[in-house]
Amino acid sequence: MQTGDPMLELMGWLLKATLQMATPLVLTALGGMFSERTGVVNIGLEGMMLVGAFSAVAGTYYVGSPWLGLIIAVIAGGALAGAHAIVCVKFKGNHIVSGTGIILFGLGSTTLGLQVVWGKQGLSDSVERIPEVVIPQLRDVPMLGTAFGSLSPIIYFMFIITALSWYVLYRTPFGLRMRAAGEDPSTLDAAGVSVEWTRIVGVVLSGALAGLGGAYLSIGFENAFGKGMTAGKGFIALAALIFGNWTPIGCFLAGLFFGFVTGLQFIFPILIPELVTLTNLVKILPYALVIVALAGIRRSIPPKGIAVPYEKEVRV
Amino acid sequence: MPQGGLTIYAVELENISKTFPGGVEANKNITLRIREGEVHGLLGENGAGKSTLMNILYGFLSKDTGRILIRGEEVELQSPQDAILRGVGMVHQHFKLIPPLTVTENVILGLEPVLKRLRAERLVETKHFSSLLPIDFRGAADRIRRIAEENGLHIDPDAKIQDISVGLQQRVEIIKTLYRNADIVILDEPTSVLTPQEVDDLFVTLEKFKEAGRTIILITHKLREPMVLADRISVLRDGELIGTVNKEDTSPEELARMMVGRPVVFRVEKGPANPGGVVLAIKDLTVQDKRGITAVRGINLEVKAGEILGIAGVEGNGQTELVEAIAGLLKSREGNILLNGKDITGLDPREVREAGVSHIPEDRHRRGLILGFTIAENSTLGRHHRAPFAMGPGRQVLDLSEADGITEALVDTYSIKVSDIHSLASTLSGGNQQKVIVARELSANPKLILAAQPTRGLDVGATEYIHNVLVSMRDEGAAILLVSAELDEIMSVSDRIAVIFDGQIVAVKEPEATTAEELGLLMAGHKQDQSSAEAVV
């Protein structure tokens, strides 16, 4: 690593930290968007992330390829979301209760999995990470080299998936149907489209993306699974979803903002050495800023039909 | 109709029965045949089962028993898609439109055209993976424009539903059926939300449909409409088909008798009013609605003791805000509201109630009742904090047995059909729910009664009952402000009629000295001296 202007290097480092912190948030928030835009509240994102993070490591551990581990994580997240979908859509259960169950299941099952697979209680064995994308030409450029020289491919996926989400939601028949399912399911039904199917696909998609977000934590950023390693990121993603007003671009920007604020906590003690003794206070900062941000925004407008089970056979 | 030996039927419904979860028998063994190319009126009171029957034909509701044939072919309709593909279209009473989406998005929903060069040739419906191809928005908008032009239904495909008028929204619904090539079009109470002028436009459109050979089923509870438009008329009552008649062979009186099951008195029996002093005086009242738009613009009104003042107007012209401002539910911007000379402007709803105002709200579910509370609890609402409903120090404890006794008496006096006063309000029929509200509000000995759409959605029996109660309250000296969208109700119950248009009172008439046509024109915004213009239907 070249030693350039330390201030520039710091900025580059902050940029990279922002991307790293934001990626799981953006991916998971986009997932939550697909669920909530079709009308199903998904507070279970945290649990789906955890299961994704665990499955990625366990999959890599057994199969030997982190790429297959990544796919397994996406499938596992989607499957867990499938359970949420069946409870909420098929059986018209309460979305919050089901989501709480998903969170608890995610925490419990991965803790148990640690014990079963590695016989450990806190941290799994190390596995191979998803190799980073290195851009040699960029490595020596000040700031940019630090920021973009070597990044996990999942970070690039995050950009692609944001664009794809926008395309699907606003430019395809399926996206139109999803938006309709969340606003007014009865209208979608009258248009001859299955509300249940549309909602189930939306929820499963949310789990797949949350699983990908979790996998980034365990085999993109780290190289092992730690008990409860998502540490509330699923909830922050939920906040990003609301802060971003349930839109793809909004989720992306909100995720980046929260990622940036999280990155700041590593920078502050470097800039202001007096803060080193107050590490715990500094760690609170991003979460405090999240609350300030959420309190300060214009009122978000959720989809109209959210959390309302669709009852077909009622007198109209 | 051409009767050459074999009649072609567009739709045959045979022995259709439908019972909703909860036990309401909406359709009882109905057999109905609709001829190709006719306009068929489906007449009946609210709750007669008209919408249910047509929603079964549209595949939106499932039937319990019976057969459906479309153009002679027996069909099993699993979803509206099955009906749409067979050319059945439906304009629902409560529009199936999504406000934040554009006209185009609403029209194409469910049958979205995708860009052709990307689409595999064999795919016709947008299903599975083709539903992830880009929508051909421009092609769709062009097609909508063309359909609109051909049928004289001008519309901007890029406008959002939430930004256009109710009349235009209905156009979008009609275009939706045309976009799907529907040749059997069901319209559910299409005129209930329209101004008289918009009703005329709609009738012109329907005439065009008929000329184009489309079959039209017109659901309505208003006698006039099928008598103008329909070739044949079927009448439903309590879920049963009473009969089908040719328009030429029937009369409004016969239809009314079929609908209600007994001869109908079209006018309310009441003696002349005996007005006393002014109870309610409104001076230059200006009110904004919840979105901050001025809904009431400088209204002056007086209601005297012992008189019923009817407010006639198309919904959305400020009636709701006027009533809510008097009731204290909305704050007024300017002007004063005086009750017996005392200023009650800006008081909160409880203070207004205590001053002697009773309010029968237009939305009985949102403002009138708590559906999850029992009938007894609902009957105490608004007075629960006072004797005799509250007891103990500071009146902090409800006297439940007292409340039960009073409720029993109300149920008796107002002949409310309930199994038990401790059953939930949600278990009552609409008419009985309304009676609970009326009983509660009128038993408070009000000086002023605000009655907003008091008979909306009620059958003829309950309507008659509520009219009679209002008249007898008038005779006992109460001042009554009646707001109604039904011109017949306004004309038969009121002692004076004020017409509201665009937040202003445009005329005050005596019911004997005016006609429905004149009121209709005034409601549509015509100036008084233009009333010689073509009368509206």
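The values are calculated or read from the model by the stated rules, or taken from the named source; none is laboratory data. Given the structure is predicted, the values throughout are model-derived calculations rather than measurements. Here Cβ is always computed from backbone atoms with ideal geometry, including for glycine, and neighbour counts include all displayed protein chains. The accessibility values were calculated without ligands, DNA or RNA, using every heavy atom of the protein model including side chains. Shrake-Rupley method; radii C 1.70, N 1.55, O 1.52, S 1.80 Å.
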When segment B:66-82 is checked residue by residue, the ones that are facing chain A (nearest Cβ under 8 Å) and open to solvent by less than 10 Å² (accessible area, probe 1.4 Å) are B:80
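Residues are listed down the side, and each one gets a yes or a no for (1) at pLDDT below 95; (2) touching a helix residue (DSSP H, G or I) at 6+ places or on another chain (Cβ under 6 Å):
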residue: A:72; (1), (2): no, yes
residue: A:119; (1), (2): yes, no
residue: A:133; (1), (2): yes, yes
residue: A:155; (1), (2): no, yes
residue: A:158; (1), (2): no, yes
residue: A:175; (1), (2): no, yes
Can you confirm whether segment A:230-253 contains a residue that is open to solvent by 30 Å² or more (accessible area, probe 1.4 Å), in contact (Cβ under 8 Å) with a residue 24 or more places away in the chain and within 14 Å of chain B (Cβ to nearest Cβ)? yes
Would you point out which residue out of B:490, B:497 is of a type in the set (A, V, I, L, M) and in a helix (DSSP H, G or I)? B:490
Against the condition under 24 Å from residue B:318 (Cα atoms) and either touching a Lys or Arg at 6+ places or on another chain (Cβ under 7 Å) or modelled with pLDDT under 90 (or both), how does residue B:487 come out, does it pass? yes
Taking segment B:140-165, which residues are assigned to a helix (DSSP H, G or I) and exposed (fewer than 15 other Cβ atoms within 10 Å of the Cβ)? B:142, B:146, B:149, B:150, B:162, B:163
Please go through segment B:18-40 and pick out each residue that is of a type in the set (S, T, N, Q) and more than 14 Å from chain A (Cβ to nearest Cβ). B:29, B:31
Would you check if there is a residue in segment A:150-166 being at negative phi, outside any helix (DSSP H, G or I) and open to solvent by 60 Å² or more (accessible area, probe 1.4 Å)? no
Residues (more than 10 Å from chain A (Cβ to nearest Cβ) and open to solvent by 10 Å² or more (accessible area, probe 1.4 Å)) located in segment B:51-65: B:63, B:64, B:65
Would a scan of segment B:460-480 turn up a residue that is under 30 Å from residue B:293 (Cα atoms), small (Gly, Ala, Ser) and more than 20 Å from the chain's Cα centre (by Cα)? yes
Report, ordered by the first and then the second residue, all pairs with beta carbons closer than 7 Å, sequence separation of six or more or different chains, a first member in segment B:443-460 that is within 15 Å of residue B:490 (Cα to Cα) and among the aliphatic types (A, V, I, L, M), and a second member that is part of a helix (DSSP H, G or I) and at pLDDT 90 or above. B:450/B:323; B:450/B:326; B:450/B:327; B:451/B:470; B:452/B:323
Can you tell me which residue within segment B:193-229, out of those that are surrounded by fewer than 17 Cβ atoms within 10 Å (Cβ to Cβ) and closer than 23 Å to residue B:47 by Cβ, is nearest to the chain's Cα centre (by Cα)? B:222
Here is a check on your reading of the model: is residue A:193 crowded, with 24+ Cβ neighbours inside 10 Å and within 14 Å of chain B (Cβ to nearest Cβ)? yes
Strands (runs of 3 or more DSSP E) within segment B:230-304 that include 3 or more residues open to solvent by less than 60 Å² (accessible area, probe 1.4 Å) and within 30 Å of residue B:475 (Cα to Cα): B:278-288, B:294-304
